[in-house]
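Student: Here it is, the structure in full.
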Amino acid sequence: MMYFPEEVLEHVFDFLSSHRDRNAASLVCKSWFKVERWSRHKVFIGNCYAITPERLIKRFPKVRSLSLKGKPHFADFNLVPHEWGGFVLPWIEAMAKSYPGLEELRLKRMVVSDESLELLSRAFPNFKALVLVSCEGFTTDGLASIAANCRFLRELDLQENDVDDHRGHWLCRFPDSCTSLVSLNFACLKGEVNLGALERLVARCPNLRSLRLNRSVPAEILCKILVKAPQLMDLGAGSCILVPRSDSFTKLTSAFLNCASVKSLSGFWEVTPRCLPAVYPICSKLTSLNLSYAPAIQGNDLIKLIRHCQKLQRLWVLDCIGDKGLAVVASTCKELQELRVFPSDPYVGGNAGVTEEGLVSVSIGCPKLHSLLYFCQQMTNAALTTVAKNCPRFTRFRLCILDPKRPDHMTSQPLDEGFGAIVQSCKDLRRLSLSGLLTDQVFLYIGMYAERLEMLSIAFAGDSDKGMLYVLNGCKNLRKLEIRDCPFGDDALLTDVGKYETMRSLWMSSCDVTIRGCKVLAEKMPRLNVEIINDKDLIEETPDDNQKVEKMYVYRTLDGPRKDAPEFVWTM
Amino acid sequence: MSPPLTVRDQGEESNVSLVASSASANSTCQSSPGLKEHYYMGLSDCSSAESYVISNLSKEKDTNLNLKATELRLGIPGSPSPDRDLEISVSSSELAEKPFFPLLPVKDGFFSTLPKTVVSGNKRVFSDAMDGFRELKSSAYGDGNWTFPTSGSEKETAKVQGKISANLGVNAILSSRSLPNSAAKPVSIKEQPVASSTLLKEMMSSKVLQDGPHTLNNTNHDQMPTNNNGNAPAAKAQLVGWPPVRSFRKNALATTSKNNDEVDGKPGSALFVKVSMDGAPYLRKVDLKTYCNYLELCSALEKMFSCFTIGQYGSHGAPGRDILSESKLKDLLHGSEYVLTYEDKDGDWMLVGDVPWE
């Protein structure tokens, strides 16, 4: 074998940006392993309990950017108690000692305390980017420390976090010398911000490209900001309550006219729908539009707006758009790649919402569609089959029929055939969420055809253990499996225990798995953490082994049971 | 003339009297049996009212100059159009004798929309009337979700009402004073004045406009996340974590719905009110929800009706025309002799286009 000096190898590895490529390269030989670990600057850890911070630091001494994910996905839907875990503080404390050059931290579903943020802001002089998605545990005081102490901050991106808003003037804490901001997103904050400080901050950051405001920022301030920052590419409006045809409305329209670069638009937490025409000047350039937090914009206004957006690639809306609106999307947005339709009324039997017709029209009109999240009232096998034929390129297909176990509303059959068509046609499918009435048959199809599938979410489906087994046996690339309210029990769980080490995690809740099953699994697979998450009220009792487990979370780990598990979480 | 009595005296909302006036200039007072008589005189011999109004005038004069030509008041029930001419040449003395707009009887706790359209002018003891008004409002609002077409909570609404009284007082004085000077005709916002019952009917019709979406809203309410805790749809038990929507999103939508509900019952619905100007060949409709305050409403009305006036008051001139050309009176400006109108159920001729097609 040719000998490459390490510097050359390192230079070559620089071009490997994907984690998987780097992981693969590190397995080739010891020399490559060594070069790779010294040159790795970005690390992604999909489950913060899979390894300890110390282990990370030991292998990769020069990390500048870390991404961490904490709680299991179903925590988003209140299925995981708050104190379950996912604390970032131990990571920050460990990195403070060993990664003085840390620049970026991206966290998802973790518990972030103000103390962590304070430490973060002080321990890393070069810190540049903080992205928090669906996190909790911090207040605006923590944000104030970041603002005040991170002298080279480029990115502060808060997405859908649960923040305790003390209404402190955290925005004022950005020093006058801070001119480096490129991205600022505080849309999820509920409280007021100091508007003067905001304006001044925007004015002194010439590189600002992305700005997402929260609902406390009124239209007049938005207008001033647009005037000061016409270079913005990504804008999240706060409130847009205006009188149509008033002066402020006219000013806002001309401010938008001057924003030649805005490609992404979101926000509108509160809005006067009849003022939306102010936004029309930028619509034709938009590639991304997220109005899923703007219930004030009803179907017709939404449609009028969308008609202007011919270049849209990503669209997130509420289901008040209706099938009619989706037909307009289909005829207007020929470049559409990602569509998400959220329920404006999460409870069944509400307003009309969308049906299979909307989905079918979009599949006909938008051949590039590859990512879908669709909450609807009803579905048919025929529609799914048509969609599968029209859009064979789906990589993410998540369908949620609001009424659990709802069959095909025309034929009253289960939706096995429809989803079967999807997995058969979409060879690149990586993520799939099922809903509606489903038998074991759909899992047979998934096991047979969904070769690339990495993440599968199942609810209220299946008849027997066979269903789960089809999936475990068939999907070679499965990484995450989450199941709720399905009749899968110990037999399904224990048939192929080795499988779980090839996966990141398995979640099963309200299924037929028993305590005994969990114990057996834990015993056979020491490198798995088998956690049982109890109802806090039941901790006192010593349950019978035959008792069914309400919530089970299984994940592979190199470092054994975690030490921060609360009382109600048992690691078997 | 009896001294003005206040609604407050009544103690109970349902006892508010109807004060209707006849066509005559005399102040008369009709009362139905069982209802107490009330007689509101705006600029009557009530010296306190006068001084109140006058003192307000000096304060408010500057801010309200552009209102001087728009006398907003409710039409008088029982009086056909010609009577309104009486108001044109109003002088303080005549005003003194004129009966003012009536309060509608409150039926079954149904509170009329009167308050919203009662941007009435010169005829009340405002603070008193408004107080009673507030009482009425606070009781009936619980049911009907009637709110002022301004944003904000109940507290703010009370504030707005307070503002109304000031404005009304001022409008009254200004209009009465300025009328002789201005060539403009007074504009009145009216509900159909023929009889109290038709007045009520008009209330109903404009309520109906809101009723449609309003009732929708009521049913939606039951299913909105805001009301989730009590009012989950009866048929379905609620599953934890279903549908799989992030709690952040659920909470955010709930907050927004709550805010919108405080504002106007259902986001997107409109509150249309008929506006008539004496002598105009047709009436117009305005969506009160698109305005945040009286100033805006007045200027909008001014723009809307300025094409009918012979001369332009104020310094609008060319800009005024430009703005107007974008308005629905395009046809007129471009010289077309004809506009499209329709006759509504009250017999008024309305300009086509004011109410959105949907």
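Student: For segment A:215-267, what class follows from the C-alpha gyration tensor (a ≥ b ≥ c being the square roots of its eigenvalues): rounded when a/c is under 1.5, otherwise prolate if a/b is larger than b/c, else oblate?
Tutor: Because a/c hits 1.5 or more and a/b fails to exceed b/c, segment A:215-267 counts as oblate.
Student: If amide hydrogens are placed 1.01 Å from N in the peptide plane, which non-local residues have theirs closer than 5 Å to the one on residue A:217?
Tutor: Excluding prolines and chain starts, which carry no amide H, the hits are A:239.
Student: For peptide B:248-255, how many partner chain Cβ atoms fall within 10 Å of a residue's Cβ, on average?
Tutor: 6
Student: For segment A:179-220, treating each Cα as an identical point scatterer without solvent, what Debye log10 I(q)/I(0) comes out at q = 0.22, 0.35 1/Å?
Tutor: -0.73, -1.26
Student: So what is the relative contact order for chain A, in percent, with contacts set as C-alpha pairs under 8 Å and at least six apart? Before the final figure, lay out the partial values.
Tutor: Numbers: 1361 pairs, mean separation 35.1, N = 572.
The normalised contact order for chain A reaches 6 percent.
Student: May I ask which of A:334/B:289; A:480/B:250; A:224/B:289; A:228/B:303; A:128/A:563 have a Cα-Cα span longer than 29 Å here?
Tutor: A:334/B:289; A:228/B:303; A:128/A:563
Student: Okay, moving on. Quantify how much of the Cα-Cα distance distribution of segment A:319-424 extends past 18 Å, in percent.
Tutor: 42
Student: Additional query: Shape verdict for segment A:233-369, please, from the Cα gyration tensor: rounded (a/c under 1.5), prolate (a/b greater than b/c) or oblate. Intermediate values should be presented prior to the final figure.
Tutor: Values: a/c = 2.14, a/b = 1.37, b/c = 1.56.
Verdict is oblate for segment A:233-369.
Student: So in chain A, what percent of DSSP beta bridges are antiparallel if you round to the nearest 5?
Tutor: About 15 percent, rounded to the nearest 5.
Student: Among A:413, A:322, A:366, whose Cα projects farthest towards the positive end of the dipole of segment A:300-421, with charges put on the beta-carbon of Lys, Arg (+1) and Asp, Glu (-1)?
Tutor: My answer, from the dipole projection, is A:366.
Student: Using Cα pairs closer than 8 Å and at least 6 residues apart in sequence, work out the relative contact order for segment A:189-293, in percent.
Tutor: Across segment A:189-293, relative contact order equals 25 percent.
Student: Once a ≥ b ≥ c are taken as the square roots of the eigenvalues of the Cα gyration tensor of chain A, is the result rounded (a/c under 1.5), prolate (a/b larger than b/c) or oblate (a/b not larger than b/c)?
Tutor: oblate
Student: Same structure again: Per 5 Å bin, what is the whole-percent P(r) computed from every C-alpha pair distance within segment A:1-146?
Tutor: Spelled out per bin, shortest first, that is 2, 9, 18, 20, 17, 13, 9, 6, 3, 1, 1, 0.
Student: Starting with the highest mean, order B:339-349, A:288-298 by the number of other Cβ atoms within 10 Å, averaged over the residues of each peptide.
Tutor: A:288-298, B:339-349
Student: Using modelled backbone amide H atoms (1.01 Å from N, in-plane), which distant-in-sequence or interchain residues come within less than 5 Å of residue A:413's amide H?
Tutor: A:408
Student: Within 10 Å of each Cβ of A:293-301, how many other protein chain Cβ atoms are there on average?
Tutor: Average per residue, whole number: 5.
Student: Can you grab the distance from the C-alpha centre of segment A:444-485 to the C-alpha centre of segment B:276-305, Å, no decimals?
Tutor: Segment A:444-485 and segment B:276-305 have Cα centres separated by 63 Å.
Student: Could the peptides A:497-505, A:261-269 be put in order, highest first, of the mean number of other beta-carbon atoms found within 10 Å of their residues? Please list the in-between numbers first.
Tutor: On the way: A:497-505: 16.6, A:261-269: 21.8.
My ranking of the peptides, most packed first, is A:261-269, A:497-505.
Student: Here's another thing I want to ask about it. Under the Karplus relation 6.51 cos²θ - 1.76 cosθ + 1.60, θ = phi - 60°, what is the ordered set of whole-Hz ³J(HN,Hα) values for segment A:44-51, x standing for Gly and Pro?
Tutor: Couplings: 10, 10, x, 9, 5, 9, 6, 9 Hz.
Student: Using only atoms on other chains, find how many Cβ atoms lie within 10 Å of each Cβ of peptide A:154-160 and report the average. Spell out each step's value before the answer.
Tutor: Numbers: counts 0, 0, 0, 0, 0, 1, 5.
Partner Cβ neighbours, averaged per residue: 1.
Computed from the coordinates by the stated procedures, all read-outs in this text should not be read as laboratory data. Predicted model, so just to flag it, every value in this text is computed and none were measured. Glycine also receives a Cβ, built like all others from the backbone with ideal geometry; neighbour counts cover every protein chain displayed.
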